[in-house]
1. Do we have any residue at all in segment B:83-93 that's of a type outside the set (D, E), in contact (Cβ under 8 Å) with a residue 40 or more places away in the chain and in contact with an Asp or Glu (Cβ under 7 Å, 6 or more places away or on another chain)?
2. State yes or no: is B:I225 modelled with pLDDT of 95 or more, assigned to a helix (DSSP H, G or I) and among the β-branched types (V, I, T)?
3. Please specify each residue of segment A:162-172 satisfying the condition of being at the interface with chain B (Cβ under 7 Å from one of its Cβ atoms) and in contact (Cβ under 8 Å) with a residue 40 or more places away in the chain.
4. Could you grab me the full set of residues in segment A:95-129 that are basic (K, R) and within 21 Å of the chain's Cα centre (by Cα)?
5. For the list (1) open to solvent by 10 Å² or more (accessible area, probe 1.4 Å); (2) within 9 Å of chain B (Cβ to nearest Cβ), I need the number of the one condition that A:I81 fails.
6. Quick check on segment A:1-32: of everything there that is of a type in the set (G, A, S) and over 16 Å from B:S191 (Cβ atoms), which residue is farthest from the other protein chains (Cβ to nearest Cβ)?
7. Given (1) open to solvent by less than 50 Å² (accessible area, probe 1.4 Å); (2) under 18 Å from the mean Cα position of the chain (by Cα), where does A:F44 come up short, assuming only one miss?
8. Return the only residue of B:G33, B:G57, B:G14, B:G19 being of a type in the set (G, A, S), surrounded by fewer than 21 Cβ atoms within 10 Å (Cβ to Cβ) and touching a Ser or Thr at 6+ places or on another chain (Cβ under 9 Å).
Amino acid sequence: MSEIKVENHEIVIPGDLLAEGEFRCGDGVVKRGNSYYSTLIGLFQDKGDFIQVKSLKGKYFPRPGDLAIGKIIEVGLTSWIVDIGSPYFAILSGNNATEKRFDPVKDDARKIFDIGDIILTKIISFDRTKDPTIITNERGLGKLRGGRIIEIEAAHIPRVIGKKGTMINMVKRLTRTQIITGQNGRIWVQGKKIDDELKAIESIKKIELEAHTQGLTDRIRAMLSDNQQTTLGDE
Amino acid sequence: MAGDGTTQLIDEKGKRLDGRKLDELRPIEIKIGVLKNADGSAEIRMGKNIILAAVYGPRELHPKHRALPNRALIQCFYRMSTFSVNDRKSPAPSRREKEISMILSNALTSVILTEKYPRTTIDVYLQVLQADGGTRCAGLTAASVALADAGIPMKGLISSVAVGLANDKVVLDLFDIEDQKGSGDLPLGYSPILDEVSLIQLDGVFTLEQFEEALHLGIKGAKEIYEIQKLALKEKYSAIRNEVADEIKPSKKEVKEVPKEEVKEAPKKEVKEVPKEEVKEAPKKEVKEPPKEEVKEAPKKEVKEPPKEEVKEAPKVKEKEEKEDE
């Protein structure tokens, strides 16, 4: 009875018929009657009795536990409003900002984070009725200094990281840079030389552009090792 | 709008003023992703019509009291450029533009899964650059493609076309003269996947038989347009995939056809033959050019902060591992 109508990894658009019969469905799939239809533009994924459409575009949708790179857009007496690139602005309250207790009488919120600061945060709660709440008081979180930030489609972040971080670790190693990837599509890159940073950014852009193709890790490795050889040759 | 119906719009051979048959569409061309700063965009050329559609969102809605607690608000802004018609159009928003904006918002709301993004807005801007009849239909067609391009979840696309009466005959896809001189006009928005009509308006006088015929002709036309929309959307991503397959990694079929020796030798030779100087120059350009463009075009996205303090070790943060297949 159950029948899948499109090939695995095929590009589908909203309204495409994916399958008929009994399946469990994930993101981007709706069931009408006995048929399953795509609701997104993306890649179809067939995992036996489970089908889903992996989005290729779209705004970042916050999930608790995600790391996100945000920008402070408003400072209140005891809280900040942060743009994390999602449809909703995130709220960072004073007590979640630093390890110390925040005292609105003694402490000045602007001295901790000011408008325009770029911060690495973790989302701790979000649901349909409330804006996302974020924290910066864990190890590694907080203000990002130096470096560059690039913004890519949030849907392509898993591809940039790769399986168990293979892709991002390779880029870090071959370009000698430090890279932090936020789940919201913003990536922080810092290297000792500007050229290194630019190289890392170039390769990340390439990953984004070709995210829906196969054999990408090998191509990026080839691209970066070519670059490395020529720069060594220069010196 | 509807004329008196006396003007000769169909000749003896059954052809219309622009040489089309009664049930023939104008040539349609749809391009995706034409605007860089929009979340999703499309350009449609339908005959002499040229319309740009841009989608922003879902994003925060201001003023906030207009936000809906259970779903996203769809706001459509249909505007005609002053130069889009023969007599200069007044730049002030007209009653007609406001009305079309409203009916298009309602039509789009019926296919978008708005309940996924409560308290937000999805803005759709339609700018008519050149008008030749049936702009609301062409606009709706473009808007639904732009929404899909923005990654907004939808039940299906809307394809839209106008049907009308010319000399008491039902004709598909009216252009400007037929729109003004003909005796009836029926814009139709139809979703082939859902088999639902999401927009229908009527101007002029139709008999019951004419209306039925017009509805069926409109649905037939909409299905033709749907195929073009589908092709345009898939083309954008297939193009990148094919390009990569051709240039860097010959597909499996090709490898089989080409003798193995050639495949192995070809890349090696290239590397050896190119003098070192050339090798040095070429990659430099590649490396430097793209980031420069980036800085110029999107200065907001790339934020530079001069290092205020010495940078210690990178903050140790575990990256999320991808659990799924690549």
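1. Checked against the condition, which is being of a type outside the set (D, E), in contact (Cβ under 8 Å) with a residue 40 or more places away in the chain and in contact with an Asp or Glu (Cβ under 7 Å, 6 or more places away or on another chain), segment B:83-93 yields no hits at all.
2. For B:I225, the condition - modelled with pLDDT of 95 or more, assigned to a helix (DSSP H, G or I) and among the β-branched types (V, I, T) - is met.
3. Within segment A:162-172, A:G162 is the sole residue that qualifies.
4. A:K122, A:R128
5. (2)
6. Of everything passing the filter in segment A:1-32, A:S2 is farthest from the other protein chains (Cβ to nearest Cβ).
7. (2)
8. Result of the check over B:G33, B:G57, B:G14, B:G19: B:G33.
The values are calculated or read from the model by the stated rules, or taken from the named source; none is laboratory data. Computed from a predicted structure; not experimentally measured. Reconstructed Cβ throughout: ideal geometry from the backbone, glycine too, with neighbour counts over all protein chains shown. The area values use the complete protein model at the heavy-atom level, side chains included, leaving out ligands, DNA and RNA. Shrake-Rupley method; radii C 1.70, N 1.55, O 1.52, S 1.80 Å.
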